[in-house]
Amino acid sequence: MTRLIIRNANLYTPLGFKAKCGTEMGNILHVQNAVIVADDGVIVYAGNEAEMPPLSDDADQEIAIDAAGRAVVPGFVDSHTHLIFGGYRPEEFSWRLKGDTYMSIMERGGGIQSTVNATRGMSVREMASKALWFLDRMLEMGVTTVEAKSGYGLDKETELRMLEALRLLAEDEENKVDIVPTFLGAHAVPSEYKGRTGEYVDFLIREVLPEASRLAEFFDIFTEKNVFEIEDSRRMLQAAAASGMKLKLHADEIVQLGGAELAAECRAVSADHLLHVSDAGIKAMAEAGTVATLLPLTAFALKEEYAPARKFIDAGCAVALATDLNPGSCFSGSIPLTIALACIYMKMSVSETLTALTLNGAAAVDRADSIGSIEPGKRADILILHFDTLDALPYYVGMNCVDKVIKNGEPVSV
Ligand code: NIG
Ligand code: FE
């Protein structure tokens, strides 16, 4: 058995095996001079040095790390990314700088469709090797689990290849980040189905869902005006649930459409974006226990108002934060900038931000029972920061403050 012992840790962690809701998000454990012990990648002790019980003596190998008083937190869970994609879209960014909108570019055949055109020619290996570069950058910023979506194929073959690429990455020894695969075949209506949204939904349900549901754990849909509106979304979500998939929605991102209410109605695990959510939608999500996954980098890049994080928290919702890394609306996987924006503009406290990126991120991918906090029973995905207090998180504006990443109880070189 391999034992990890971290000493002299300034430990900060939420506690628990399910999402923290509302003001509970701000309650985190802080222990100075803490010791953390993990056996074969599972935490067996985290707390005061003085109160540590005697350790069993059956360790064959011991990895000892001196945290030297620096802040130690759980590995981050980036619970919303579009990690696999062909090409890039820098020209769209410049058009937006000159006044174009995200939706007007999409409506004239650019946007998601232009990434679809570039992705359809890619092999599974090409997809995976391109994504590996991003996974390495994420790991450096402390991401130990990532959710990743298909959604740039919009035909059966490419959607399945994207999901296979995620499986390849999950099994690749070179990749250290755990991957949660999501099927997002309903990301847009592809050009060959233009004006025939209902028929595209029928095609997804009949032809793609049966196989996609074997490769992906979650189903996601872009519920939006002029994309998949409420009735088509409900039909797709019900079919996905019936095929055994857990649900997520891109909801109320561009306009208020009732996506949050639909997420609650379908008992979705999370609804994401929510820049234009209604008060009724917030209430419904709080009641349904649907995690609100907020993506401040996208609001920043689209020059939109940030999602109303405080309203969600005051209503008793669980809030998660994620990057939305994608080649269009937000070409960034920056965890440091996500944290800074959440604290500066969304008025989240540093403790709430930590919970949102760890335990609640884990809940957003249905993993809160095994990751997202530093306590006995959880997997030893642990970060040592470059600074001695948690305040480093927003203070390092857009700069990485993660010094060491420990994955499954072993330090990884990044
Ligand atoms: O989360 N809005 C839909 N999907 C992505 C953007 C995808 C793209 O522009 O390529 C989002 O913002
Ligand atoms: Fe997204």
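The values are calculated or read from the model by the stated rules, or taken from the named source; none is laboratory data. Just so it is clear, the structure is predicted and the values come from calculations on it, not from any experiment. We place every Cβ from the backbone using ideal geometry, glycine too, and count neighbours over all the protein chains shown. Quick note on the areas: whole protein, heavy atoms, side chains included, nothing else; ligands and nucleic acids left out. Shrake-Rupley method; radii C 1.70, N 1.55, O 1.52, S 1.80 Å.
The table below lists the values:
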quantity	calculated
Bridge type composition, the chain - antiparallel percent by DSSP, nearest 5	40
Per-peptide average of other Cβ atoms within 10 Å, ordering 140-147, 341-348 highest first	140-147, 341-348
Residue-normalised accessible area of the chain, given per residue in Å² at a 1.4 Å probe	38
Among 206-219, 53-66, 353-366, the order from most to least packed when residues are scored by Cβ within 10 Å on average	353-366, 206-219, 53-66
The range 197-228 and the range 90-109: distance between their alpha carbon centers, rounded to Å	25
Unit charges on C-beta of K, R, D, E only; dipole of the chain, Debye	820
Carbon + sulfur, % of accessible area of the chain - ligands and nucleic acids excluded, 1.4 Å	50
Neighbour-limited loop hits for trypsin sites (Lys or Arg not before Pro), the range 106-152 (at most 15 other Cβ within 10 Å; DSSP other than H, G, I, E, B)	ARG108
For the range 337-414 and the range 54-83, distance of Cα centres in Å	12
GluC sites (Glu not before Pro) restricted to DSSP loop in the range 303-362 with at most 12 other C-beta within 10 Å	GLU305
C-alpha center-to-center spacing [the range 247-267, the range 1-33] in angstrom	31
Burial ranking of peptide ranges 277-288, 5-16 (average Cβ count within 10 Å, highest at the top)	5-16, 277-288
